[in-house]
Amino acid sequence: MTTITLPPRCDRAAAEALLPDLAAAFGTGALTIDGSSAAQVGQAMLQVLASARFTCPSTSITPSRDLREAARLAGLDQILFDTNPSDKAAHA
Amino acid sequence: MTAEEIQGIFFVECEESLAAAEQGLAACKAGTQNADTINAIFRAVHSIKGGAGAFGFGALQGFTHTFETLLSDVREELVPITAPLVDLLLGALDVLSDHVSAARDEGDAPEDAALIAQLEAAMAVNLGGHGPAAVETPAPSEPNTSDDEEGFNIDLDALLDDISGAPEPAPAAGWILHLRPHAAAMRNGGEPLLLLRELTALGAECIACHTADLPPLDELDPCQGYLGWSFRVPAGVSEAQVRDIFDFVGENCPIAIGEDAAVPPCQIATRAAQGIQSIVAQGMAALGIAANQPAETSAAQVAEQISADKHTAAPLAPASAVASAAPSAPQGQSIRIDLIKLDKLIDTVGELVIAQAMLAQRLSGEAIGDNEELTLLESLTRDIQESAMAIRAQPIGSVFSRVPRILRELTASTGKHVNLVLSGEGTELDKTVIERLGEPLTHLIRNAVDHGIEDPAERLASGKSAEGTLTLSAEHRSGRIHIRICDDGRGINRERVLAKAVEKGLVGPDAQLSKEEIEMLIFAPGFSTAATITNVSGRGVGMDVVRANVKDLGGRITIESEEGKGTTFTLTLPLTLAISDGMIVKVGDQTLVVPLTHVVESLRPEARDVRGLGAERRMLNVRGRFIPVVPVSDAVGANGAVRDPQHGVLIVVDTESAGQAALLVDHIWDQRQFVIKSLESHYRSVDGVAGATILGDGRVALILNVDTLVASAVAPLREAAITREAA
C-alpha cells in the first residue's frame, strides 16, 4: 500500500506539487493519504483530494483536525472521509 | 511574489484607500455627496479590512469591521448623514490611518476603544433603526509570517479556530446563496475559504458543495476553481451584508441569490482552450500585440466559441480574429515599479544627458557641431529625460490630502474652524520633492492657523466670518512649481515683528529694513512673536526649519502679507532634485558649480566697494550694507586663483546660517542645468561640497554647498568680533 503524506501547509503550491505524486501512486494499488500533519488547508488542496477520491474511491485520507475542519467548512467532509464518496457529491 | 511584496502592495493600496475615503468624507462634509460617494468610502474601508484579515493585522481588522458596519448602515440609509456623524467618521478615518501606520511600522496600535464605542452607538441598531444586529468584531489573529512563492499567507489556523467557535447552525428559515470562486480568486494570496468563513460567521450554513465540474485527477489543474457552493443564510442577515463579503473579490467570485437561481457557471480554461490560447498568443506575437490580460480573456472566449461550434480553426485564424476584436487598452492602466529600478533609470538617463553634452562639445571642437543629426539627438535626449522624470512625478494631491486631518487636529486644539480650499491638486512634481515637502507644508499650515487666523470672536469683531479660510494651490510656472498657502487671517504685524527681532538681537535697533525684509525675519532661527507657547507652534522652531527645508529642496519661500487681510506664503520649488540650475564658475585650476537657488546677484566691484577688515578679511559694501567676501579658492584649495576682487567676480549668495556673503571667483563661465551626482555614494561626504556633476567636456565639477562653505568661512570672523566686544 502506498502512503502519501501531506505537508503542514496545504496551499496551492503544495497542491500542484502533490498532483504528479498522486497520479503516479494510483497505478500502484491501494493508496492512503496521510493528512495528519496538515495545518493550513486551502481550496486548491481540497479540490485535489476530492478529485482523488472520485478518481479512486478506495483512496483513504487520514485527516488532521485542521484538515477535517476545512473540509467541513467547504461541505466536503463526507466526500473526503466517508467510505463511499461518489454518493455524497452534490450536483448542481 | 513573496509575502513581503504582497504586503507592501497592501500598504500602498491602504494609502490609496485612505485618500479615497478622505476625499469622500470631504464631499460629505461639504454636503455634495451622493450614493457613489458613500459607496466609495465603504469600499475603501472594506478593502483595508479584507487585506488586514488576510495578513493577520487583528487590531486593524477589528477597527475596520466596526467602521464599515456603521458605513454600511449609512449606505443603506439606515443612519442619516449629519454633521456630527461626518465628524465622527472623519475621526474614525484618522484612527484608521494610525492603525495602518502601526501595522506597517510594527508599532503599537492606537487606543480606539472609546471611538469604537462611539461608532457602535451611532449604528442603526442602537439608534432604533431596522438595521442588522451588530456583528461581533472578529478576534485579532496572529500574522502569518512564513514565505510562500504563491503568496499564500492567510492564517488558516485562526480561520479554523473561528470556525470551531462559529455560531450554532442557523434555523432552516432564510435564503439561499450560491457562489463560485474562479481561478483568479486563488491568485496572489487569495483564498476562497476565507469567504466561506465570513459567511459562516454570519450564521450561514453550507448546504451543498457542487463538485460536478471537478475533473478526474489526470485532468485536474489545481490552480483552477472547480467547486461551487450553496449556503442557507439566516433571514436576519441582509443581502447587503453578504454582498459586502464579496466586494473584495468582485468578479473573481460571482454569486447568485435565491432558491431558484443557478450556481454561477464554472469558468475553466480547459487544456484544449489553453492550447488555443497558446496558438493565439503566438499569432498575436507575430502581429506584435502584447498577450496581456484582456487578450487572454478574449482567447478563452474564442476557445469557448470554437468548442461550442465544434469547429477546428486554422492556427492563425483565431489569432487574427482576436487581434481585431481585442479591446483597446483601458485608459488609466498602471503598473507598480520598484523605486530602485526607477532610480536606476533616472541615473542612466542622467548619464545619457552627459554623454550627449560631451559628444556635442567634441563635435563642436572638430567644427562639425552644427549638424542636423546632433540637433535631433539633443531633442530626443531631452524628450527621454523629460519622460523619465515624468515617471517619477506624482500629483501634489497626495500631500494636500493630509491637510484635512491636520486642520481637524488644529480645530480640536485651538477651537478655530477653518475651511480648506484646494486647487491644482493634479500638479505633478518629483516623488522625492513630494516626500520632503510634507514637513515644511505642515509647519506653514499650523503656523497659519495658530498665528494667522484669528479666534472666531476676533474675526466676527473685525467683520469677517467666524470660520477662517485656508487656500492651498499649486501650479507649474517657468519650469518650477509654485505652491501657495494663503490664509485670510490677521496678517503680519511688521512693527511687532521688528520689535521682537530687535529684542532678540536679530537686528540692530537702528536697522533700516524694507517691509519684505521685516517679514522674512520670521524665518530667523529662534524668532517667535507668540505671546504664549502652545503645543501647536510658538517655540520659535519651525519657520526657520521651513526655510531650511525649502532651501534644501533647491527652492525659495516668499511672503506677501497685508495686515488685517491675511498672509500668503509662496514656495517655489524645482520639479526634480536630479537636475538643477547653476552657475559654472572658474576658480584657479578648478571648475565649480554654484547652485542658482543661493545666488542673489553677481558683480565686479570697484575698489571703493571692498574694505579691509584686519590683515586677511575683506567686506563688500552692497548698497550700504557690508557682507563678508569669501574667496572660494581657500575652501577648495584651487591653485592660481584671483585674490583681488577687482580682478575677479563676486557672487552675492544668501545662506541660512550666516546670512549673505560674496563668493570670490575668477569668472563666470556658464549658467545652465546640470545633473547632480551624489558625492557620498561615489566617494564620501566633503565639507563645503554638495555633490558633483560631469561637464560637457567630460571633466568633473564639484557643486558647492554654499551654506556650509560660507558658515565655515565667516565663523572665525564672528568669533573675532565677539572677542573684541568682550574685551
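Of note:
- For segment B:63-92, a tally of residues being of a type outside the set (S, T, N, Q) and either surrounded by fewer than 22 Cβ atoms within 10 Å (Cβ to Cβ) or not in a helix (DSSP H, G or I) (or both) returns 16.
- Residue tally, condition surrounded by fewer than 14 Cβ atoms within 10 Å (Cβ to Cβ) and in contact with a helix residue (DSSP H, G or I) (Cβ under 7 Å, 6 or more places away or on another chain), over segment B:567-603: 0
- Matching residues, segment B:75-100, being farther than 26 Å from B:Glu239 by Cβ and of a type in the set (D, E, K, R): B:Asp87, B:Asp94, B:Asp98
- Per-region count, segment B:36-68, residues free of Cβ contacts under 8 Å to residues at least 24 places away in the same chain and of a type in the set (A, V, I, L, M): 1
- Against the numbered list (1) buried (at least 21 other Cβ atoms within 10 Å of the Cβ); (2) in a loop (DSSP other than H, G, I, E, B); (3) facing chain A (nearest Cβ under 7 Å); (4) touching a residue at least 12 places away in the same chain (Cβ under 8 Å), B:Gly190 comes up short only at (3).
- Of all the criteria given as (1) more than 10 Å from chain B (Cβ to nearest Cβ); (2) closer than 26 Å to B:Gly203 by Cα, the one not satisfied by A:Ser58 is (2).
- Tally of residues being of a type in the set (A, V, I, L, M) and assigned to a helix (DSSP H, G or I) across segment B:581-603: 1
- Only a single criterion out of (1) in a helix (DSSP H, G or I); (2) touching a strand residue (DSSP E or B) at 6+ places or on another chain (Cβ under 9 Å); (3) modelled with pLDDT of 80 or more is not satisfied by B:Ser712, namely (2).
- Residue that is surrounded by the fewest Cβ atoms within 10 Å (Cβ to Cβ) [pool: residues in segment B:220-237 that are more than 8 Å from every other protein chain (Cβ to nearest Cβ) and of a type in the set (A, V, I, L, M)]: B:Ala235
- When B:Cys209 is tested against (1) over 39 Å from the mean Cα position of the chain (by Cα); (2) modelled with pLDDT under 85; (3) at the interface with another protein chain (Cβ under 9 Å from one of its Cβ atoms), only condition (2) is not met.
- Breaking point among (1) within 23 Å of B:Pro574 (Cβ to Cβ); (2) crowded, with 19+ Cβ neighbours inside 10 Å; (3) polar (S, T, N, Q), for B:Gln660: (2)
Quick grid of which residues meet (1) of a type in the set (A, V, I, L, M); (2) in a strand (DSSP E or B); (3) in the same structural domain as B:Arg362 (by TED's automatic domain parsing):
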site	(1), (2), (3)
B:Ile627	yes, yes, no
B:Gln646	no, no, no
B:Ile651	yes, yes, no
B:Ala662	yes, yes, no
B:Trp669	no, yes, no
B:Glu680	no, no, no
B:Gly696	no, no, no
B:Ile703	yes, yes, no
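- Residue count for segment A:1-21, restricted to those that are within 7 Å of another protein chain (Cβ to nearest Cβ) and farther than 13 Å from A:Ala52 by Cβ: 4.
- Looking only at segment B:462-486, residues that are in a loop (DSSP other than H, G, I, E, B) and modelled with pLDDT of 95 or more come to 0 in all.
- Wholly within segment B:348-461, strands (runs of 3 or more DSSP E) carrying at least 3 residues that are among the β-branched types (Val, Ile, Thr) and not assigned by TED's automatic domain parsing to the domain that holds B:Leu25: none
- Of all residues in segment A:29-50 being crowded, with 24+ Cβ neighbours inside 10 Å and of a type outside the set (A, V, I, L, M), the one that is farthest from the other protein chains (Cβ to nearest Cβ): A:Gly35
- For segment B:201-251, residues that are within 20 Å of A:Cys10 (Cβ to Cβ) and outside any loop (DSSP other than H, G, I, E, B) total 4.
- Taken over segment B:227-238, the criterion of being closer than 15 Å to B:Glu205 by Cα and not small (Gly, Ala, Ser) is satisfied by B:Trp229, B:Phe231, B:Arg232, B:Val233, B:Pro234, B:Val237.
The values are calculated or read from the model by the stated rules, or taken from the named source; none is laboratory data. If you're wondering where the values come from, they're calculated on a predicted model, not measured in any experiment. No Cβ is skipped: glycine too gets one built from the backbone with ideal geometry, and neighbour counts run over all protein chains shown.
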